[in-house]
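Below is one structure, written out as structure tokens; comments come after it.
The values are calculated or read from the model by the stated rules, or taken from the named source; none is laboratory data. In this text the structure is predicted, and so the values were computed from the model without any measurement. Cβ: placed from backbone, ideal geometry, glycine included. Neighbour counts: every protein chain shown.
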Amino acid sequence: MADATVFYTLAAAIVGFAVLVISARNTVHSVIFLVLNFLCVAALYVVLHAEFLAVIQVLVYAGGIVVLYLFVVMLVNLKRPPETHQDPRRRSRLGLVMAGLLLAQLAAIGGYSVTTAGSASAARATEAAGGNVEQIGWLLYTDYLIPFEVASMLLLVAMIGAIILAKREL
């Protein structure tokens, strides 16, 4: 019962911070709410016994991605007045209908997960096999070795391309 209370409290905080991210008038405040959102997601991973994902969430998202966002916010001219033009192609009703459909899907998923039990047995199986970090390591370097290496090569090529493009401008 305590796990469910913590889970729903963190889920409400995540949704609340997400709303604050998109509704904050100050962009720096929006980025701070985004950091708090990422930290709540990391805490949720800890509650779900996915410690490795929690650490990766804090390091990659709350650390690296948010620093990138802050640099972009600082480089963009924030002193200019907001635009008064409204896009006539904007479809507010369609967005509202799509949001309602998404909410209905989430409710269906939640209802299905309540009716099916088995999360406790999955957690026991994870602990018996040596923890989730060991399982991720085994899967990453056995079953998913080729996709892992392809992704690392793509990142290397992207990094070299960014360096070459930056050198041309200097």
- region 115-147, residues that are farther than 17 Å from Phe52 by Cα and at pLDDT 75 or above: Thr115, Thr142, Asp143, Tyr144, Leu145, Ile146, Pro147
- Query: List the pairs whose first member sits in region 147-163 and is assigned by TED's automatic domain parsing to the domain that holds Ile136, whose second member is modelled with pLDDT under 85, and whose Cβ atoms are under 9 Å apart, counting only residues at least 6 apart or on separate chains?
  - Reply: Phe148/Leu140; Phe148/Tyr141
- Out of curiosity, is Ile14 under 13 Å from the mean Cα position of the chain (by Cα), of a type outside the set (Phe, Trp, Tyr) and in a helix (DSSP H, G or I)? yes
- Among (1) more than 30 Å from Glu134 (Cβ to Cβ); (2) among the β-branched types (Val, Ile, Thr); (3) surrounded by 14 or more Cβ atoms within 10 Å (Cβ to Cβ); (4) at pLDDT below 90 - the single one Val21 does not satisfy: (4)
- Item | Selection from region 38-52 of residues that are closer than 23 Å to Leu68 by Cα and either of a type in the set (A, V, I, L, M) or without any contact (Cβ under 8 Å) to a residue 24 or more places away in the chain (or both) | Leu39, Val41, Ala42, Ala43
- Tell me, please, whether a residue that is in a loop (DSSP other than H, G, I, E, B) and either out of contact with any Phe, Trp or Tyr (no Cβ under 8 Å at 6 or more places or on another chain) or modelled with pLDDT of 85 or more (or both) can be found in region 90-100. yes
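Let me confirm something: among Tyr8, Tyr61, which residue is in contact with a helix residue (DSSP H, G or I) (Cβ under 8 Å, 6 or more places away or on another chain) and of a type outside the set (A, V, I, L, M)?
Values: Tyr8 fails: in contact with a helix residue (DSSP H, G or I) (Cβ under 8 Å, 6 or more places away or on another chain).
Only one candidate qualifies: Tyr61.
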